[in-house]
Structure formats: C-alpha cells, structure tokens
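The values are calculated or read from the model by the stated rules, or taken from the named source; none is laboratory data. The structure presented is a predicted model; accordingly, all values stated were derived computationally and were not measured. Positions of Cβ are backbone-derived with ideal geometry, glycine not excepted, and every protein chain shown enters the neighbour counts.
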Amino acid sequence: MKLSLLLTSLAALCHAAPSLLQPRASLQQVTNYGSNPTNTKMYIYVPDSVKSNPAIVVAVHHCQGTAQSFFGSTPYASLADQKGYIVIYPESPYSGTCFDVSSKATLTHGGGGNSNSIANMVTYALQKYAADPKRVFLVGASSGAMMANVMAATYPELFNAVIAHSGVPAGCFMSASNQVNAWNGTCANGNVHNTPEAWANVVKNMYPGYTGARPRMMIVHGGADTTLQSRNYNETIAQWAGVFGLNPTAPQQVKGNTPQSGWTTYLWGTQLKGVYEPRYGHNIPIIAADDMEFLGL
Ligand SMILES: *[C@@H]1O[C@H](CO)[C@@H](O)[C@H](O)[C@H]1NC(C)=O
Ligand SMILES: *[C@@H]1O[C@H](CO)[C@@H](O)[C@H](O)[C@H]1NC(C)=O
C-alpha cells in the first residue's frame, strides 16, 4: 500500500472512530455483590454512554473462558457503547471454567448454587445502577448457553429474554450423584429425549409454585455440532414449547436464509425463536444484530 493511501485510510479510521483515541470505560470486577456461596466472580462493563434506567445484558462465557476473554471475543460490550446498556460478565469458579449446570443446588431457585450467585449479580446491578427491571437479558455460549437455559428456568422472574448459543435443555446435564460442574455425556451426545410435557416439568420443578411471567427464549445451534450434539437444539425447543404450551414441530413462521444465507429462523409467536444452520459445528458465530433484535435493544 502506498504511504499516502495508508495515511488517508488512517485519517478516515480516526474520523470514523474518535473513541479509539480516548480512554474508554473498562471491565471492572465487583467483589461485594451480595451472597455468593459458590465464589463466582462478577465483572461489569458500564459504558461511558450508559443511559439512565439502563437495560442489563448478562453475558455468560463458554468452558475455558473468562469474563475478560468473553468481554473481548463477543460483540456485547461494543454494542453497549452504542446502545447504552450495562453488561455483567459472571466468571466460573470451577477448574476447566465451565459453569455448574449439574448440581441440585444450581438447578433450584434460591438453592445457593452457581445460578444463585448469578441471580444475585443481577439484583445488585439493578439497584446500584437504577437499571430497568423490565429489560434484563441473558445471553450465553456453550457452557454459558447451558447456563442460559438454567437461569431461565430457575430465575424466570428476573429476565425478559434469554438467548442460548449452542447449549442443552435446562436440567439435561443434571448429575445423578449430585456432583457440581459435572460433564453429562448422555446429554452432550444428544441421547436425552423427552416429550415437551416432561421437559416443561423439569423446568417447573426448578422453581415449584412459580406462576409469573417467563422470559422469551431464543435457541441457536449448528446442525454439525459434535460437542453438544445438535439433537439438543430440538430438545431445547421442545422444552420451552412445553413450558409455553406451544407445538415444537409447528412453528408459526419459518424464515429461510435468515438471519443469513443458509440459516433458518423458526418463530412461535414472540415467545420462542429457533435459529438453526445445518452446516455449522459448535462454534456457530454469534450474529450480533439478530441477538439485539430479539432483545429489543
Ligand atoms: C445425565 O442427565 C440425565 C438427564 O438429562 C440423567 O438421567 C442422567 O442420570 C445423567 N447422567 C449422569 C451420569 O449423572
Ligand atoms: C432439529 O431441528 C432442525 C430444525 O428444525 C431440523 O432440521 C432437524 O431435522 C431436527 N433434528 C431432529 C433430530 O429432529
């Protein structure tokens, strides 16, 4: 590239993104967010452009991830700069850094497990930043997507909408011997099959007696996923269809080549959205605009 062209490009870049030249808000750890029986770390990103009464997005990392790595590798923080919402990044306390989606404690509302710590982060941030309780969202990838389904089941009162990128149904990873943070190969390999009614009962038993609103759910999966086999997509759709009283095999709308060529979007009213791409494996990309549209941000 010619030097003059390089300088022109650089000038254009600086003009387009003046924030590159200024110090910007950074990821901060919060140590006093309330009861934290599992020693789960909380990090928060409050953009310089934070709005009053802001929305909150909880962004939950994959195995071997950290709050810092997920902050850097996903689009949620730069979108927070644009849209003025707050992002909470929980960090797993377990070796291997997956989240606990297997113990009885984490699969129970108020059970003192990993999910309880994350719920307490939300309660803390709502108060501290006078955030909007009607616009609290959670997104997760892989282990974070498994946790997304668990959070929607255990703390439905906290969230307006939840997105799971490459996860498994809530309760699918349960440990028969009540181990914390256990791997469940039967579920991972796509060999747990339930009716929508049975899956709905798994959800309802995590918070018995709850009759309030439940979060809208968006389930994203690649059909060539060999880590959390793609059958888990169908089972997760069955789970939430069961909870909402919908027919999992009869979406009201099917949109081909949406959000991108080769992907298909399935809509059951506004409550449930499935996004499936048969050729992608476990690392199916996060399409930020599609997430934002579902969350209404
Ligand atoms: C794996 O999860 C299923 C429920 O999805 C459960 O029936 C099974 O016992 C679990 N396996 C282990 C080894 O805990
Ligand atoms: C799961 O759902 C996808 C998308 O609707 C479909 O293409 C696939 O055949 C389903 N898989 C099974 C095992 O039902």
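Close Cβ contacts (under 7 Å, 6 or more residues apart or on different chains) running from residues in segment 167-186 that are within 21 Å of Asn283 (Cα to Cα) to residues that are of a type in the set (Asp, Glu) and within 16 Å of ligand 2 (Cβ to nearest atom) comprise Pro169/Glu235; Cys172/Glu235. Among the conditions (1) within 14 Å of the chain's Cα centre (by Cα); (2) closer than 24 Å to Ala77 by Cα; (3) surrounded by 20 or more Cβ atoms within 10 Å (Cβ to Cβ), the only one that Asn160 does not satisfy is (3). Residues in segment 139-167 that are in contact with a helix residue (DSSP H, G or I) (Cβ under 6 Å, 6 or more places away or on another chain), of a type outside the set (Gly, Ala, Ser) and closer than 17 Å to Asn184 by Cβ: Val150 only. Counting only residues that are in a helix (DSSP H, G or I) and under 10 Å from Val220 (Cβ atoms), which one in segment 259-293 is nearest to ligand 2 (Cβ to nearest atom)? Checking each candidate, the answer is Asp290.
Residues in segment 144-182 that are within 16 Å of ligand 2 (Cβ to nearest atom) and among the polar types (S, T, N, Q): Ser166 only. Residue-level check: of (1) within 29 Å of Lys83 (Cα to Cα); (2) over 18 Å from the mean Cα position of the chain (by Cα); (3) of a type outside the set (Asp, Glu), Gly222 misses just (2). The residue of segment 219-234 that is nearest to ligand 2 (Cβ to nearest atom), among those that are surrounded by 22 or more Cβ atoms within 10 Å (Cβ to Cβ) and in a helix (DSSP H, G or I), is Tyr233. Scanning segment 244-289 for residues that are closer than 24 Å to Asp132 by Cβ and either in contact with a strand residue (DSSP E or B) (Cβ under 7 Å, 6 or more places away or on another chain) or in contact (Cβ under 8 Å) with a residue 40 or more places away in the chain (or both) yields Phe244, Thr270, Gln271, Leu272, Lys273, Ile286, Ala288. On inspection, Arg216 fails the criterion of being within 16 Å of ligand 2 (Cβ to nearest atom), surrounded by 13 or more Cβ atoms within 10 Å (Cβ to Cβ), basic (Lys, Arg) and modelled with pLDDT of 95 or more. Just a yes or no: is a residue in segment 93-102 surrounded by 24 or more Cβ atoms within 10 Å (Cβ to Cβ), over 13 Å from Val180 (Cβ atoms) and in contact (Cβ under 8 Å) with a residue 60 or more places away in the chain? No, the conditions are met nowhere in segment 93-102.
Between Leu267, Leu295, the distinction of being buried (at least 19 other Cβ atoms within 10 Å of the Cβ) and under 27 Å from Thr211 (Cβ atoms) belongs to Leu295 only. Applying the condition of being of a type in the set (A, V, I, L, M) and part of a loop (DSSP other than H, G, I, E, B) to segment 245-258 and asking which residue is nearest to ligand 2 (Cβ to nearest atom) yields Ala250. In the set Lys255, Lys273, only one residue is crowded, with 19+ Cβ neighbours inside 10 Å and of a type in the set (D, E, K, R); that residue is Lys273. Looking only at segment 47-90, residues that are out of contact with any strand residue (DSSP E or B) (no Cβ under 7 Å at 6 or more places or on another chain) and assigned to a helix (DSSP H, G or I) come to 9 in all. Beta carbons closer than 8 Å, at least 6 apart along the sequence or on distinct chains, pair a first residue in segment 223-238 that is among the β-branched types (Val, Ile, Thr) with a second that is part of a helix (DSSP H, G or I) and within 15 Å of ligand 1 (Cβ to nearest atom) for Thr227/Ala188; Thr236/Asn149.
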